[in-house]
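S.K.: Quick one: the structure is below, and I'll ask about it shortly.
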Amino acid sequence: MAKITNVAVQMDHVSTINIAGDSTFAMSLEAQNRGYKLFHYTPDQLSMRDGRVYATVEPMELRDVKGDHFTLGAPERIDLSTMDVVLLRQDPPFDMSYITSTHFLERIHPKTLVVNDPAWVRNSPEKIFVTEFADLMPPTLITKDPAEIARFREEQGDIILKPLYGNGGAGVFHSTRDDRNFTSLMEMFAQMFREPFIAQGYLPAVRKGDKRIILVDGEPVGAINRVPAEHDSRSNMHVGGRAEATELTAREREICVRIGPALRERGFLLVGIDVIGDYMTEINVTSPTGIREVKKFGGADIAALLWDAIERKRA
């Protein structure tokens, strides 16, 4: 087996994370526990010269201690291809900066294993990739045409409107058929986003929760239910959603079986899908979360399962 020694983590700065629920921290801590050397860098520390990819990295030590969770060593410029594994883990928005970093990392993958595969991350935007499984989704429209969205709302009644490349529940609106703010909302979206928007039929089952299911190498390994606050339509924990233990239903297992081959074909070792009732709404491939919450509620140690999968890929 090709031994893993050095692991670089491309992430939002480690000083900004909340370790209680941060999946990147859990993944990195497990790597450290396995004896791998960790190196930390943020996307703005990447560079490419004459076709080779470099990064200014800092050796990183982690501790599962709130308020004292990391130590960084002296910065050093390295050829990123000398790493054994790179974890691509900065949060969206999935903008041109994010896309550019995937072009850089594509130059070193798979000799250096990048998790997830950067070319497929770039080519599988989370709210577009999911449309390959339209029969598993609620009614969904992607457009920037206000007239199309108005027709869709008239047909569906209540809709959810959100930016195509957002994350964490930011910019998500629940609009009813008689919402007098709809025109203003369309104007605001048009001013804020150059890209199309996504509208989906509102699923009342969201009041019972929006389930995050985590898959490792195409297989479901754990789930957490996220219940929205009383006065919010969003269930994301970033915006006040409440996590609770859950089990997979037969329908959710059917969804995982359907999408598993496509995830494996694209080299997606870690994926989080969102399911409301009987419908999948997103396939998250950039920096899926939920690892620590699953373990907290007595579920699998997904960080360990992920590193088992990475080691198999490196064999």
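S.K.: Taking the stated definitions as given, is residue 14 open to solvent by less than 20 Å² (accessible area, probe 1.4 Å) and more than 25 Å from residue 111 (Cα to Cα)?
M.R.: When the stated conditions are applied, residue 14 passes them.
Residue-by-condition table, conditions (1) open to solvent by less than 20 Å² (accessible area, probe 1.4 Å); (2) in the same structural domain as residue 286 (by the TED database); (3) among the charged types (D, E, K, R):
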site: 40; (1), (2), (3): yes, no, no
site: 70; (1), (2), (3): no, no, no
site: 74; (1), (2), (3): no, no, no
site: 77; (1), (2), (3): no, no, yes
site: 80; (1), (2), (3): yes, no, no
site: 84; (1), (2), (3): no, no, yes
site: 97; (1), (2), (3): no, no, no
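S.K.: Okay, moving on. Restricting the search to region 174-190, which residues are surrounded by 14 or more Cβ atoms within 10 Å (Cβ to Cβ) and more than 17 Å from residue 145 (Cβ to Cβ)?
M.R.: 174, 179
S.K.: If you go through region 239-262, how many residues are under 17 Å from residue 214 (Cβ atoms), outside any helix (DSSP H, G or I) and either not assigned by the TED database to the domain that holds residue 208 or not hydrophobic (A, V, I, L, M, F, W, C) (or both)?
M.R.: Residues that pass the stated criteria total 5.
S.K.: Just need a number here: residues in region 128-178 that are under 26 Å from residue 289 (Cα atoms) and not in a strand (DSSP E or B).
M.R.: Looking only at that region, the number is 21.
S.K.: Right, another one. Residues of region 1-38 being assigned to a helix (DSSP H, G or I) and either not β-branched (Val, Ile, Thr) or not assigned by the TED database to the domain that holds residue 96 (or both), which ones?
M.R.: 15, 23, 25, 26, 27, 28, 29, 30, 31, 32, 33
S.K.: Identify the residue in region 278-300 that is more than 17 Å from the chain's Cα centre (by Cα) and surrounded by 16 or more Cβ atoms within 10 Å (Cβ to Cβ) and, among all such residues, is nearest to residue 124 (Cα to Cα).
M.R.: Within region 278-300, the match that is nearest to residue 124 (Cα to Cα) is 279.
S.K.: When you look at residue 144, is it out of contact with any helix residue (DSSP H, G or I) (no Cβ under 9 Å at 6 or more places or on another chain) and surrounded by 14 or more Cβ atoms within 10 Å (Cβ to Cβ), yes or no?
M.R.: Judged against the criteria, residue 144 is not a match.
S.K.: Of the residues 242, 292, 251, only one is over 30 Å from residue 175 (Cα atoms) and not small (Gly, Ala, Ser); which?
M.R.: Result of the check over 242, 292, 251: 292.
S.K.: Let me ask another. Select from region 263-273 the residues that are open to solvent by 10 Å² or more (accessible area, probe 1.4 Å) and not in a helix (DSSP H, G or I) and write down the one among them that is farthest from residue 87 (Cα to Cα).
M.R.: Per the criteria, the residue is 266.
S.K.: Let me ask something else. Yes or no: residue 195 modelled with pLDDT of 90 or more and either under 28 Å from residue 97 (Cβ atoms) or open to solvent by less than 50 Å² (accessible area, probe 1.4 Å) (or both)?
M.R.: For residue 195, the condition - modelled with pLDDT of 90 or more and either under 28 Å from residue 97 (Cβ atoms) or open to solvent by less than 50 Å² (accessible area, probe 1.4 Å) (or both) - is met.
The values are calculated or read from the model by the stated rules, or taken from the named source; none is laboratory data. For clarity, every value in this text was computed on a predicted model and none was experimentally measured. Ideal geometry is used to build each Cβ from the backbone, glycine not excepted, and the neighbour counts take in all protein chains shown. Remember, those area values only see protein heavy atoms, side chains included, never the ligands or the DNA or RNA. Shrake-Rupley method; radii C 1.70, N 1.55, O 1.52, S 1.80 Å.
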